[in-house]
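Student: Got a structure for you, written out below as structure tokens; questions coming shortly.
The values are calculated or read from the model by the stated rules, or taken from the named source; none is laboratory data. Please read these numbers as outputs of a predicted model, since none were measured by experiment. Cβ placement follows ideal geometry from the backbone for every residue including glycine, while neighbour counts extend to all protein chains displayed. Side chains are part of the model used for accessible areas, which takes the heavy atoms of the whole protein and leaves out ligands, DNA and RNA. Shrake-Rupley method; radii C 1.70, N 1.55, O 1.52, S 1.80 Å.
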Amino acid sequence: MIWSEQILCAPSVRFNNQFRQNKMNVQVENLDTHEARLTVDIEPSVIEQTRREVAKNLSKAVRVPGFRPGMAPMSVVINAIGGEAVFAEEVNEALAKKVYPLALDEAKVNPYSAGIVEKITTDPPQMVARVPLEPTIDLKDYKSIRVPYPEVSVTSDEIEHEFEHIREDNAIIQLAERPAQMGDAVEATIVGEVNGETVLRQNSRERIVMDAERMNIPGLVEALVGMSAGEHKHVHITLPADFDREELRNLEMHTEIDMTRVNSRQLPEIGDELAQTVGAYQTLAELRADIEKRLLAYKEQENREKYANNALDTFAGLANISYPAAFIEDRLNDAMDEYKGDIRRMGLPFEDWLNISKKTEADYREEFKPNTEMRARRVLVMRQLAVDENLKVSDDEVNAEFERERDLARQNRGDLKKDKETLANIRNNVLSNKVIDRMVAIAKGEG
């Protein structure tokens, strides 16, 4: 669900260094990319001191013939490591580590992550750095938001649809010594290939109901009609324009079919006898009432979740949100790591998956970006509402939820370890639910 994201805290970078007591001239330019460009004046004495420190460290690390470690003159050390240009890179790196943290404190900016030192010059002696800033969220007049809450009901058609499912589940299946026909439940091995790649594999142990509306490949059920047990058939079937894999749409699939068994299928009549078969019901009316009750509960739960999503999107639509590109890149990295994990759990190396899907990792990142940005906006809005509404989670609430989740785990023959990571996730989930409940209350006009 959308509110399972981490909303407790935003990642940030804090720095400590031994030069904090010094002052320096720092000019701050706020960029349209939600970054700050820092132009820092560096004292010439600091540059000179850094050069000496770098030369001394290098002289200890670099063996110079004729000199003991740490005793070679600076000019000799510079030549030994490749000349002034290489030495200047070492000095600039040391200067950046020394000056950048102090410049951040002096500039009083709130960095999202480590910035980039764009350049260091000696004439004038300056450092220019670009710093991604923490996301900022202004929820504006969020307490005035109102979202109509739709009512739900169960129709007679929906109840009848459930009856059909019950009939399907209780169908009488019998061996038929005849060719297959529409309505049967057959067992067959089906293998479909496109350009030598297997794109469809149906195991003979899985029954196929001979109903064209149930198949997502038009023509496949029709190919089974008239086949008897033990018969083999080779057919060409054109994959539909809405096939799951876009690159295979409208292509011809070479299909091998081996019919194993043909079964007739008879659906029971809807009546008291069916009700007594499927549960502790005496009459069809009792079964109908229970179906309506369960459908209504399901639709109400679905309605609550949909309403919460709509309320959250309304809050996000009103809010003024700004963040650096690095924020979305981090979210995309998380999304890619999760996706790669899903592929690995399928037993397939991610590189092989890229070859099969004929896509690059960059392609997937681009595909994931719109949804990632939407989720990021939602999380930022939830995080800010928790602050603005002073929503907190107590240790007692965390412990109570942990005990509840552990009881559920034990019911499923599992367990839940009470470690720091588990408790942090529980705290975040409890806070997320509080935030969503508050949003819903405001949107309904109850808060």
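Student: Rounded to the nearest 500, what is the 222 nm mean residue ellipticity of the chain from helices alone, with -39500 (n - 2.57) per DSSP H run of 4+ residues and division by all residues?
Tutor: Result for the chain: -16000 deg cm²/dmol, rounded to the nearest 500.
Student: For the charge dipole of the chain, defined by +1 on Lys and Arg C-beta atoms and -1 on Asp and Glu C-beta atoms about the Cα centroid, which residue among Met227, Ser153, Pro135 has the Cα displaced farthest towards the positive pole?
Tutor: The residue sitting most towards the positive pole is Pro135.
Student: Let me ask another. With +1 on the Cβ of every Lys and Arg and -1 on the Cβ of every Asp and Glu, and nothing else charged, how large is the dipole of the stretch 333-438 about its Cα centre, in debye rounded to the nearest 20?
Tutor: 100 debye
Student: Still on this structure, please answer the following. Under 25 Å Cα to Cα from Lys98, which lysines show up? Leave out anything in the same chain fewer than 8 places away.
Tutor: Lys23, Lys56, Lys60, Lys108, Lys119
Student: Keeping all protein chains in the complex and leaving out DNA, RNA and ligands, what accessible area do you get for Ile328 with a 1.4 Å probe, in Å² to the nearest 10?
Tutor: For Ile328, solvent-accessible area is about 10 Å².
Student: Along each of its three principal axes, how wide is the spread of alpha-carbon positions in the chain, in whole angstrom units, largest first?
Tutor: Cα spread of the chain along its principal axes, largest to smallest: 99, 60, 42 Å.
Student: Now a separate question. What does the accessible area of Tyr281 come to, in Å² to the nearest 10, when a probe of 1.4 Å is used?
Tutor: 40 Å²
Student: A further question follows. For Lys358 paired with Ala289, estimate the spin-label separation in nm (one decimal), with each label point 7 Å from Cα along the Cα-to-Cβ line.
Tutor: The modelled label-to-label distance comes out at 5.9 nm.
Student: With contacts defined as alpha carbon pairs under 8 Å and 6 or more residues apart, what's the relative contact order of the stretch 138-286 in percent?
Tutor: Dividing the mean separation by the residue count of the stretch 138-286 yields 28 percent.
Student: Using Cα pairs under 8 angstrom and six or more residues apart, how large is the relative contact order of the chain, in percent?
Tutor: Averaging sequence separation for qualifying contacts and normalising by length gives 18 percent for the chain.
Student: Within the stretch 166-274, what whole-number % of the accessible surface is contributed by carbon and sulfur, with the 1.4 Å probe and all protein chains included in the calculation?
Tutor: 43 percent
Student: How large is the accessible surface of Leu248 in square angstrom, using a 1.4 angstrom probe and rounding to the nearest 10?
Tutor: 10 Å²
Student: What does the charge dipole of the stretch 377-447 about its Cα centre add up to, to the nearest 20 debye, if the Cβ of each Lys and Arg holds +1 and the Cβ of each Asp and Glu holds -1?
Tutor: 300 debye
Student: Specify which residue in the list Gly341, Pro124, Ala185 is farthest towards the positive end of the charge dipole of the chain, using unit charges on the beta carbon of Lys, Arg (+1) and Asp, Glu (-1), about the Cα centre.
Tutor: It is Pro124, whose Cα lies furthest towards the positive end.
Student: Enumerate the helices in the chain for which the Kyte-Doolittle hydropathy averages -0.5 or more and the C-alpha atoms extend at least 18 Å along the helix's axis, using complete DSSP H runs.
Tutor: Correct list, ordered by number: 84-107, 420-444.
Student: Among all the lysines, which ones have a C-alpha under 24 Å from Lys140's C-alpha, if same-chain residues fewer than 8 places away are not counted?
Tutor: Once the sequence-local lysines are set aside, what remains near Lys140 is Lys306, Lys392, Lys434, Lys444.
Student: For Arg167, Arg205, what's the largest-to-smallest order of accessible area, 1.4 Å probe?
Tutor: Correct descending sequence by accessible area is Arg205, Arg167.
Student: Sticking with this structure for a sec: Roughly how big is the chain's charge dipole about its Cα centre, with Cβ charges of +1 (Lys, Arg) and -1 (Asp, Glu), in debye to the nearest 20?
Tutor: For the chain, the charge dipole is close to 2420 debye.
Student: What ranking of Lys392, Lys434, Lys108 comes out by heavy-atom accessible area, probe 1.4 Å, highest first?
Tutor: Lys108, Lys392, Lys434
Student: Let me ask another. At a 1.4 Å probe radius, which order do Glu162, Glu446 fall into by accessible area, largest first?
Tutor: Glu446, Glu162
Student: Right, another one. Output the Kirkwood hydrodynamic radius of the stretch 182-286, Cα pairs only, in Å rounded to one decimal.
Tutor: Taking every pair of different Cα atoms in the stretch 182-286, averaging 1/r and inverting gives 15.7 Å.
Student: If you roll a 1.4 Å probe over the heavy atoms of the protein chains, what accessible area per residue do you get for the stretch 186-289, in Å²?
Tutor: 57 Å²
Student: What number comes out for accessible area per residue over the stretch 128-179 if the probe is 1.4 Å? Units Å², please.
Tutor: Dividing the accessible area of the stretch 128-179 by its residue count gives 61 Å².
Student: Share of the stretch 352-431's accessible area from carbon and sulfur, percent, 1.4 Å?
Tutor: Roughly 47 percent, rounded to a whole number.
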